[in-house]
Every structure is written in structure tokens, then in C-alpha cells.
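The values are calculated or read from the model by the stated rules, or taken from the named source; none is laboratory data. All of these numbers come straight from a predicted model, not from anything done at the bench. Virtual Cβ from ideal backbone geometry, glycine too; neighbours counted across all protein chains shown. Note: areas computed on protein heavy atoms with side chains; ligands, DNA, RNA excluded. Shrake-Rupley method; radii C 1.70, N 1.55, O 1.52, S 1.80 Å.
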Amino acid sequence: MNVKILETAIIAFLALIISSPEAMGGQIENTMHGFAIMYDGWNNTGELCVVCHTPHHSKNTVSGSQLWNRDDTTANFTPYSRHSMKSTPGQPTGPSRLCLGCHDGTIALERFGDATSGNHYISLWGRIGTNLMNDHPVSMVYDSTLSNISGARLRDPSTSPSTLGGTIGQDLLRNSRLECTSCHNPHGGQNNNGYMLLKWPADPQLCLVCHNK
Ligand code: HEC
Ligand code: HEC
Ligand code: HEC
Ligand code: HEC
């Protein structure tokens with residue numbers, strides 16, 4: 001199929017499952033995920049979305065993934081843990097697994113669709129790795145029970161505003177869990193900010209959406 005037609009088809013098909021008008025947030029072309037125009041030629045399809053999504057034959061092995069065109073990571077992660085934590089993050093779930101499918105550094109970037117090999121990996125700079133001890137915890141349930149036992153260190157996600165329109169729970173969590181997408185939009189952040197953050201600037205505004213101090 002002609003590349004342009006395929007891209008248009010993908011966009012049209014994905015548009016059907018867009019859940020909210022702000023789903024696309026910023027402009028992916030202007031981000032480091034604008035793969036069609038950047039990077040060492042590893043994406044030689046000339047398409048923007050196909051690196052992560054496909055309209056057909058998608059690999060929906062990760063629960064909740066949407067027309068995903070990549071394999072799930074098989075890495076065994078070391079989740080964040082500290083004695084001060086009230087929640088207990090386990091292996092990454094949902095959207096965080098999708099991100100880590102590139103950002104853990106175990107799966108070559110050009111391994112999308114039918115490709116089974118490749119030799120371009122995420123750079124050392126963007127590599128979160130499989131040891132998540134030095135990263136903000138992800139994939140733990142963040143609900144009113146957690147905010148209650150946190151002794152007011154966390155806001156109640158069922159009532160506190162996300163500042164994006166709804167509550168923290170509605171806008172930032174997935175199945176009541178905090179994920180990479182609680183802070184980042186893979187298609188580009190607010191006002192096309194750096195780091196594709198949902199809020200800008202990152203600190204302290206982003207942190208204080210959920211934390212009370
Ligand atoms: C770097 C990978 C990546 C690229 C490239 C990418 N997406 Fe996504 N997309 C994601 C991830 C990850 C999710 C899941 C987000 C979530 O679950 O919160 C997603 C979800 C979506 C959704 C579901 C609604 C939503 O926003 O949650 C739509 C629609 C979508 N993408 C469209 C597109 C289109 C159209 C393109 C090309 C212009 C594109 N995406 C390019 C990673 C990508
Ligand atoms: C197709 C593989 C792929 C997927 C899937 C993917 N990324 Fe990336 N991401 C990259 C690459 C490649 C870069 C460029 C930097 C590098 O190579 O280290 C990047 C860069 C970034 C950056 C730096 C942006 C900047 O402007 O400084 C952030 C933040 C990021 N990704 C977050 C995410 C999150 C969150 C997800 C999941 C929702 C995700 N990525 C999914 C490949 C991916
Ligand atoms: C609590 C909010 C938050 C969560 C959750 C989060 N990030 Fe980030 N991330 C940030 C902020 C803020 C930055 C900006 C740089 C900084 O302050 O270190 C960033 C920077 C990055 C970068 C740029 C390179 C670097 O290492 O600094 C990448 C890549 C990235 N995040 C990927 C991810 C992935 C993948 C996940 C899920 C495993 C994730 N982030 C979860 C807030 C978050
Ligand atoms: C979407 C909500 C949310 C956002 C945004 C957020 N956090 Fe968190 N953060 C949490 C939750 C939930 C925990 C788990 C707390 C627990 O289990 O005790 C946590 C845990 C932490 C911890 C570990 C606490 C410990 O006891 O070890 C630190 C440190 C932290 N966050 C800092 C930040 C910073 C810095 C930012 C901004 C870059 C940020 N957070 C943004 C929700 C959030």
C-alpha cells in the first residue's frame with residue numbers, strides 16, 4: 001500500500017478510538033517521538049504512528065493497549081521500594097509496559113510490525129533500564145485508601161483536580177494505577193514542552209498535583 005494512504009488510514013482508524021479531544025495533546029512531530037523525521041534511519045517506513053500503532057494485526061498482548069504494534073517486554077523489573085512507601089509497586093502494568101518496551105533498552109527500536117530483529121536501541125540518556133529503584137514509582141494503585149494512610153502526604157485522587165479538567169483519578173490514572181502516562185503524554189506534552197510532560201514546568205507544579213508537600 002502507498003505509504004501516504006497507509007498513514008492516513010492509521011490516523012483515521014485511531015481517530016475512531018480517541019477517547020477525548022485533548023488525547024493528542026501536543027504535536028508528536030515536534031517531540032523526540034516524531035520518529036518519521038529523525039534518528040539514524042531506523043524507521044525507514046516514513047510513517048509516524050506505525051512504530052507504535054497499527055490499524056490491523058496489532059499485538060494487544062499488554063492489557064489496555066490500543067492497536068499496539070510492538071512486542072511486550074519480557075524483562076524482570078526491580079520495582080521502586082522504600083520503607084517510607086505506603087504502596088507496593090509490582091511489575092510494571094498497562095501503559096508503563098508499553099513505554100518500557102523501548103525505554104528499558106532490551107527491545108530494538110525498529111522491532112515493530114513483522115520485524116524480529118534490529119540493532120538500534122534507546123540511547124543511554126533515555127534508558128530507564130530494568131532497575132526502577134531510581135525512578136518515580138509506577139504501576140501501584142493510587143486510591144483514596146492510599147491517600148488516607150499517607151497521612152495527608154498525597155491528595156485524594158477521587159476528588160482532587162488534575163488541573164486538566166477532571167480529577168486525578170479520571171485524568172491521570174489507569175485502572176486506578178499511576179503509570180508513566182500520569183506525567184507524560186507519548187504524543188507530546190502541554191504546549192509542546194520538553195520531556196512531553198502533562199504539566200509544565202515540571203517542578204513543582206506537576207509534583208504538587210498529587211503530593212501535598
Ligand atoms: C512512541 C510510541 C507512540 C507513537 C509514535 C504514537 N503513539 Fe499513540 N499511543 C502511544 C501509547 C503508549 C498510548 C497509550 C496511552 C495510554 O494508555 O495512556 C497511545 C495511545 C493512542 C491513542 C488512544 C487514545 C489515547 O491518546 O490514549 C490514539 C488514538 C493514538 N495513540 C494515536 C496515535 C497516532 C495517530 C499516532 C501517529 C500520529 C501515534 N499515536 C503515535 C504511543 C505512541
Ligand atoms: C518506539 C519506542 C518508544 C516507545 C514505545 C516509547 N518511547 Fe519514549 N522515546 C523513544 C526514543 C527513541 C526517544 C529519544 C531519546 C533516546 O533515544 O534516548 C524517546 C524519548 C522520550 C522522552 C524524552 C523527551 C524529551 O523531549 O526530552 C520521554 C519523556 C519519553 N520518551 C517518554 C516515553 C513514555 C512515557 C512512553 C510511554 C507512554 C514512551 N516514551 C514510549 C522511544 C520510545
Ligand atoms: C511522577 C512523574 C513521572 C513519572 C511517573 C514518570 N516520569 Fe519520566 N520524567 C518526569 C520528569 C519531570 C522528567 C523531566 C526530567 C527530570 O526532571 O528528571 C522526566 C524525564 C523522562 C525522560 C527523559 C530522560 C531522562 O532520563 O530524564 C524519559 C525518557 C522518561 N522520563 C521516561 C519515563 C518512563 C518510561 C516512565 C515510566 C516508567 C516515566 N518517565 C515515568 C516525570 C515522570
Ligand atoms: C499522578 C500523581 C503523582 C505525581 C504527578 C507525582 N507523584 Fe510522586 N508519588 C505518587 C504516589 C501515589 C506515590 C506513592 C506514595 C506511597 O506509596 O507512599 C509517590 C511517591 C513518590 C516518592 C517516593 C516516596 C517514598 O516514600 O519513597 C517521591 C520521592 C515522589 N513521589 C516525588 C515526586 C516528584 C518529585 C514528583 C514531580 C516530578 C512527583 N512525585 C509527581 C503520586 C504522584
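Given the residues T145, T181, which is the only one that is without any contact (Cβ under 8 Å) to a residue 12 or more places away in the chain, of a type in the set (S, T, Y) and outside any loop (DSSP other than H, G, I, E, B)? Checking each option against the conditions leaves just T145. The lone criterion from (1) surrounded by 15 or more Cβ atoms within 10 Å (Cβ to Cβ); (2) within 15 Å of ligand 3 (Cβ to nearest atom); (3) within 20 Å of the chain's Cα centre (by Cα); (4) not in a helix (DSSP H, G or I) left unmet by S87 is number (3).
Test P186 against the criterion of being in contact with a strand residue (DSSP E or B) (Cβ under 8 Å, 6 or more places away or on another chain), surrounded by fewer than 20 Cβ atoms within 10 Å (Cβ to Cβ), part of a loop (DSSP other than H, G, I, E, B) and not hydroxyl-bearing (S, T, Y), and give yes or no.
On the way: in contact with a strand residue (DSSP E or B) (Cβ under 8 Å, 6 or more places away or on another chain): no; surrounded by fewer than 20 Cβ atoms within 10 Å (Cβ to Cβ): yes; part of a loop (DSSP other than H, G, I, E, B): yes; not hydroxyl-bearing (S, T, Y): yes.
It is false that P186 is in contact with a strand residue (DSSP E or B) (Cβ under 8 Å, 6 or more places away or on another chain), surrounded by fewer than 20 Cβ atoms within 10 Å (Cβ to Cβ), part of a loop (DSSP other than H, G, I, E, B) and not hydroxyl-bearing (S, T, Y).
Considering region 109-122, the residues that are away from ligand 1 (no atom under 14 Å from the Cβ) and of a type in the set (G, A, S) include one that is nearest to C52 (Cα to Cα), namely A115. Checking each residue in region 165-182 for being within 16 Å of ligand 2 (Cβ to nearest atom) and open to solvent by 40 Å² or more (accessible area, probe 1.4 Å) picks out D171, R174, N175, R177. Among the residues of region 148-164, those that are in contact (Cβ under 8 Å) with a residue 40 or more places away in the chain, assigned to a loop (DSSP other than H, G, I, E, B), more than 16 Å from ligand 1 (Cβ to nearest atom) and open to solvent by 30 Å² or more (accessible area, probe 1.4 Å) comprise A152, R153, R155, T163.
How many residues does region 33-82 hold that are surrounded by fewer than 15 Cβ atoms within 10 Å (Cβ to Cβ) and outside any strand (DSSP E or B)? Full working, then the answer.
Pass one, region 33-82, residues surrounded by fewer than 15 Cβ atoms within 10 Å (Cβ to Cβ): 37-38, 40-41, 44, 46, 56-57, 60-61, 63-64, 74, 76, 78, 81-82.
Among the residues that remain, those that are also outside any strand (DSSP E or B) are: 37-38, 40-41, 44, 46, 56-57, 60-61, 63-64, 74, 76, 81-82.
Residues flagged as surrounded by fewer than 15 Cβ atoms within 10 Å (Cβ to Cβ) and outside any strand (DSSP E or B) within region 33-82 amount to 16.
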